[in-house]
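Comments concern the structure below.
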C-alpha cells in the first residue's frame with residue numbers, strides 16, 4: 001500500500017435492514033488505479049456494501065469516503081455496473097450509453113461516443129434496442145454506459161454472473177484490455193467467482209459470515225498485463241485459489257499457515 005490517501009475508504013462500516021445486520025464492522029481501502037474484488041458466498045452482504053459505496057444505501061455505523069470526502073449520495077465521479085443489465089428497453093444502444101451524461105447535465109461528444117462504441121464492439125449495434133441483443137452484448141452496453149461518464153471509481157456488482165461461460169470469458173478479456181488503458185480509474189467489484197477475482201484483481205478481500213465481515217485480504221501477485229488463458233497455468237494461481245477457498249470455508253488458520261496474514 002502507498003502513503004497516499006486511499007481512493008475508497010470503508011471504515012468500520014455496519015449495514016443493517018431494520019434490526020438485521022447484513023455487514024458488521026468492516027473496513028477496506030482501495031488505492032488509486034487499484035482493482036479490488038470482494039468475494040463471498042450468497043447472502044453475505046457484498047452487494048449491500050457495494051451499493052453503499054455507490055451512495056445508494058445509508059450505513060448504520062462507520063464511514064464511507066471517496067477521495068477523503070464522506071459519501072452522502074450518488075457521486076458523478078462514481079459509476080456502477082449491475083448484475084442485471086438495467087438497460088432502458090425503449091432506448092437504442094447509443095441512447096442507453098448516453099443516458100448518464102444527460103442525467104449529469106453534460107453534452108454528448110459525438111466523436112467520443114463513436115470511439116466508445118468502437119472500443120466496446122458496439123458500432124454496428126448503435127441503433128438497435130436491448131431486446132435485439134444477446135446477454136453479452138447487453139452487458140457491453142452496460143459497461144459502455146458506465147464508462148461514458150468518465151468515472152474515477154467503477155463499482156461492479158457481479159457483472160458477468162448472468163452470462164454463459166464463453167461470453168463471460170470474452171468480457172473478462174475486454175475488461176482486462178480496458179483496465180490497461182484506463183490509468184485514472186479505480187474499481188471495486190463483488191463476485192462469488194474465485195477464478196474471476198484472481199484473473200481481474202490486484203487484491204482480493206474475503207467477506208464471510210452472516211453478517212458479513214472482511215477479515216482476510218490477499219494480494220494477487222501475478223504481473224499485468226494478464227492473459228486469461230495462460231494465467232491458469234501459473235503455479236501462483238493455483239496456490240492463491242486454495243487460500244481464498246480455505247478462507248471462504250472459514251478455515252482461517254489454514255490460510256494463515258500458508259503465509260496469508262489475517
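Just so it is clear, none of the values below were taken in a lab; they were calculated from the coordinates. Only a predicted model underlies this, so the values are computations on that prediction, with no experimental measurement involved.
Details
- Semi-axes of the equivalent ellipsoid for the stretch 1-122, Cα gyration tensor, largest first, Å: 30, 18, 14
- Inverse of mean 1/r across different Cα pairs in the stretch 188-232, Kirkwood, Å: 11.6 Å
- Pairwise inverse Cα distances across the stretch 78-150, averaged and inverted, put the Kirkwood hydrodynamic radius at 12.0 Å.
- Of 54, 73, 44, the one that fluctuates the most in a GNM where the chain has Cα springs shorter than 10 Å: 73
- Computed from the Kirkwood radius of its Cα pairs, the Stokes-Einstein diffusion coefficient for the stretch 151-191 at 4 °C and 1.567 mPa s stands at 118 µm²/s.
- Taking the C-alpha atoms only, the angle from helix 93-103 to the longest principal axis of the chain is near 70 degrees.
- Structural descriptor for the stretch 46-197: relative contact order 30 percent, calculated from alpha carbon pairs under 8 angstrom and at least 6 residues apart.
- Computed from Cα positions, the angle between helix 165-180 and the longest principal axis of the chain comes to roughly 90 degrees.
- Surface/4 of the Cα convex hull for the stretch 63-200, nm²: 8.9 nm²
- Antiparallel DSSP beta bridges within the chain, percent to nearest 5: 50 percent
- Value of [θ]222 nm, deg cm²/dmol, for the chain, DSSP H segments ≥ 4, -39500 (n - 2.57) each, nearest 500: -10000 deg cm²/dmol
- Cα long-axis angle, helix 110-119 against the chain (0 to 90 degrees, to the nearest 10): 50 degrees
- Alpha-carbon gyration tensor eigenvalues x 5, square-rooted, for the chain, Å: 30, 22, 17
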